[in-house]
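The values are calculated or read from the model by the stated rules, or taken from the named source; none is laboratory data. What you see is a predicted model, and the numbers here were worked out from it, not measured in a lab. Cβ placement follows ideal geometry from the backbone for every residue including glycine, while neighbour counts extend to all protein chains displayed.
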Amino acid sequence: MIPIFNSKRQYDQIGAEVEQKVCEVLRSGCYILGPNVKALEEELAKYIGCNYTVALNSGTDALHVALRALDIGAGDEVITTAFTFVATAEAIGMVGAKPVFVDIDPDTFNIDPSKIEEAITPNTKAIIPVHLYGQPCDMDAIMAIAKRHNLKVVEDCCQAIGSLYKGKMVGTFGDIGCYSFYPTKNLGTMGDGGLCTVNDEKLKDRLIALRNHGSMVRYHNDELGLNSRLDEIQAAILRVKARYVDEWNSKRRQKAAYYNKLFAGCSDIQTPKELDNTYCVYHQYTVKIPNRDEVHKMLTENGIGAMLYYPIPLHFQKVNAWLGMGKGSLPVTEKNTECVISLPMFPELTSEEQEIVAKTLISCIEKSKSTACC
Ligand SMILES: *Cc1c(COP(=O)(O)O)cnc(C)c1O
């Protein structure tokens, strides 16, 4: 059995250190908004290259609070992609705004900047580009459009901590960047967690107030907020793990390069493409294949933990049915949804395991072709 992700192997590397730090928090008696959250925020601002970060209790809340801080709400439209995790559009709905889905680029799986402008209306307030699978979006093109139309940009970096676009980390281009520390993310904690990156000081203060009941001064509640604090235990765990994230990302890139090599010459398997001048951290290694559903089933039967990210595009989800987007409204997204498959990818994956994955995938595709023609 080769899983898509393995947290146990990572724990073998960092467990002792994590247990020590967690015990320190437990003994300290300080569990909420203490020294670890503050230190984590400073350390990650330095790492990502922004003025401030604000720690929150999930990536979903990071997106939600970011939109609130930018005063996006009822009657507003926010442009994003339908080829993402549901939380991206959920955050737009949570503030009462309408998600407007734009089609993707078939090679990078990210929002296609050439299709953004035709989706802009007088109600458009923001764009949420998603750096899917760790692949940076074309930020120059997106920022130019935002500037031209006076739109805010919230980057969904939940899958892309450490990804670089032209030498700068994602999350530093738009008004706010949103990160998730869900356990399977490239920097994951042992529970839930999230973070916003921000350069503007006023916006940072607003994020801090929103995560804590709309309050800057205790028991003075200036606006409707929420409880979205990251706790000290998760912050302490993340401070340990953040020191390894570059090493882990570089290992992911090595695994991706090895998969590319193993699939070279297989015309049935389209391996991931990277934009020039980017550093992709391969949260997922996702290929396009024929007879995807049948091959996926065969891989599962053969003990390969391949997954579909994502099996249903967001415009076809029941929650978004009110948008009335029928079949064919996002042709590239819909086509990709039918042929993508993500293969086991984590820093501790061995070459031998990758070879088994590759061999099994190639033979399953061959088999699926012979059954398909009878
Ligand atoms: C994981 C993820 C989120 C949500 O993060 P949570 O911490 O699970 O709330 C949002 N967007 C994308 C693209 C993600 O991958």
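Among the residues of region 330-374, those identified as in contact (Cβ under 8 Å) with a residue 60 or more places away in the chain and outside any helix (DSSP H, G or I) are 330, 340, 342, 343, 344, 345, 346, 347, 348, 349. Of the residues making up region 110-138, those that are surrounded by 22 or more Cβ atoms within 10 Å (Cβ to Cβ) and part of a helix (DSSP H, G or I) are 132, 133, 134. Restricting attention to region 306-327, the residues that are closer than 30 Å to residue 249 by Cα and either surrounded by fewer than 17 Cβ atoms within 10 Å (Cβ to Cβ) or modelled with pLDDT under 95 (or both) total 4. Considered as a group, the residues in region 226-239 that are assigned to a helix (DSSP H, G or I) and aliphatic (A, V, I, L, M) include one that is surrounded by the fewest Cβ atoms within 10 Å (Cβ to Cβ), and that residue is 233. Tell me, please, whether a residue that is in a loop (DSSP other than H, G, I, E, B), buried (at least 21 other Cβ atoms within 10 Å of the Cβ) and within 13 Å of the ligand (Cβ to nearest atom) can be found in region 207-225. There is no residue in region 207-225 that is in a loop (DSSP other than H, G, I, E, B), buried (at least 21 other Cβ atoms within 10 Å of the Cβ) and within 13 Å of the ligand (Cβ to nearest atom). The sole residue among 129, 113, 99 that is within 14 Å of the ligand (Cβ to nearest atom), farther than 30 Å from residue 5 by Cα and in contact with a helix residue (DSSP H, G or I) (Cβ under 7 Å, 6 or more places away or on another chain) is 99.
For region 31-42, state whether one or more residues are aromatic (Phe, Trp, Tyr) and closer than 23 Å to residue 142 by Cβ. No. The condition (being in contact with a Gly (Cβ under 6 Å, 6 or more places away or on another chain), crowded, with 21+ Cβ neighbours inside 10 Å, at pLDDT 95 or above and of a type outside the set (D, E, K, R)) is satisfied by just one residue among 56, 67, 63: 56. Among the residues making up region 173-188, those that are assigned to a loop (DSSP other than H, G, I, E, B), within 13 Å of the ligand (Cβ to nearest atom) and buried (at least 24 other Cβ atoms within 10 Å of the Cβ) are 181, 186.
Note on region 198-246: residues that are closer than 17 Å to residue 63 by Cα, of a type in the set (A, V, I, L, M, F, W, C) and either in contact (Cβ under 8 Å) with a residue 24 or more places away in the chain or touching a Phe, Trp or Tyr at 6+ places or on another chain (Cβ under 8 Å) (or both) amount to 7.
Restricting the search to region 147-168, which residues are more than 16 Å from the ligand (Cβ to nearest atom) and under 21 Å from the mean Cα position of the chain (by Cα)? Hits for region 147-168 are 152, 164, 165, 166, 167, 168. Of the residues making up region 78-86, one or more are within 16 Å of the ligand (Cβ to nearest atom) and out of contact with any helix residue (DSSP H, G or I) (no Cβ under 8 Å at 6 or more places or on another chain). Between 203, 195, 164, the distinction of being of a type in the set (A, V, I, L, M), modelled with pLDDT of 95 or more and crowded, with 21+ Cβ neighbours inside 10 Å belongs to 195 only.
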